[in-house]
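*Asks:* Supplied in structure tokens, the structure appears directly below.
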Amino acid sequence: MQGSLVYYSKIVHFEDETPIQLEMRWVNAQIVPDYINQDFTQFTPHQYLSNNCPLSAIEHTVEAIIAEDKVKEELALQEGSACLVLKRRTWSNNALVSSALLYHPGNNYKLSSKIMID
């Protein structure tokens, strides 16, 4: 998306009045020109993009960090709180559609996986 017009959205997701995710997303305006006109109180940006841009690739990177002030404030975290940040990029038909930073309170999440080997 370098050099392209992008739309930016910042949304705090809640569960039972508790912030559980800060979503900061940049969307390629050329690929998704109506993104900026959406009401994301009715559906998430991810749902909208998945419905309108068939995914051809997704890239995820997960990192543990100490929350910056802006993230602490949005997620109502204490000083020095850990966060998990998921860095996500998505493509449709080999065109980069969006790039997102998804911050989560670190004390509420853990990563695990199970790999079946025949």
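*Asks:* Suppose the filter is open to solvent by 80 Å² or more (accessible area, probe 1.4 Å), closer than 16 Å to Asn108 by Cβ and modelled with pLDDT under 95; does Glu79 pass it?
*Replies:* no
*Asks:* On the given criteria, is Leu111 under 30 Å from Ser4 (Cβ atoms) and either in a loop (DSSP other than H, G, I, E, B) or open to solvent by 30 Å² or more (accessible area, probe 1.4 Å) (or both)?
*Replies:* no
*Asks:* Which one of Ile36, Ile58 is in contact with a strand residue (DSSP E or B) (Cβ under 7 Å, 6 or more places away or on another chain) and either farther than 25 Å from Leu111 by Cβ or surrounded by 16 or more Cβ atoms within 10 Å (Cβ to Cβ) (or both)?
*Replies:* None of the others qualify; the one that does is Ile36.
*Asks:* From Leu86, Leu22, which residue is assigned to a strand (DSSP E or B), without any contact (Cβ under 8 Å) to a residue 40 or more places away in the chain, of a type outside the set (Phe, Trp, Tyr) and touching a strand residue (DSSP E or B) at 6+ places or on another chain (Cβ under 9 Å)?
*Replies:* Of Leu86, Leu22, the one residue that is assigned to a strand (DSSP E or B), without any contact (Cβ under 8 Å) to a residue 40 or more places away in the chain, of a type outside the set (Phe, Trp, Tyr) and touching a strand residue (DSSP E or B) at 6+ places or on another chain (Cβ under 9 Å) is Leu86.
*Asks:* Also, I was wondering about something else. Could you tell me whether segment 67-74 includes any residue that is outside any helix (DSSP H, G or I) and open to solvent by 30 Å² or more (accessible area, probe 1.4 Å)?
*Replies:* Within segment 67-74, one or more residues are outside any helix (DSSP H, G or I) and open to solvent by 30 Å² or more (accessible area, probe 1.4 Å).
The values are calculated or read from the model by the stated rules, or taken from the named source; none is laboratory data. Keep in mind it's a predicted model, so treat the numbers as computed, not measured. Ideal geometry is used to build each Cβ from the backbone, glycine not excepted, and the neighbour counts take in all protein chains shown. Surface accessibility is based on the protein's heavy atoms, side chains included, excluding ligands, DNA and RNA. Shrake-Rupley method; radii C 1.70, N 1.55, O 1.52, S 1.80 Å.
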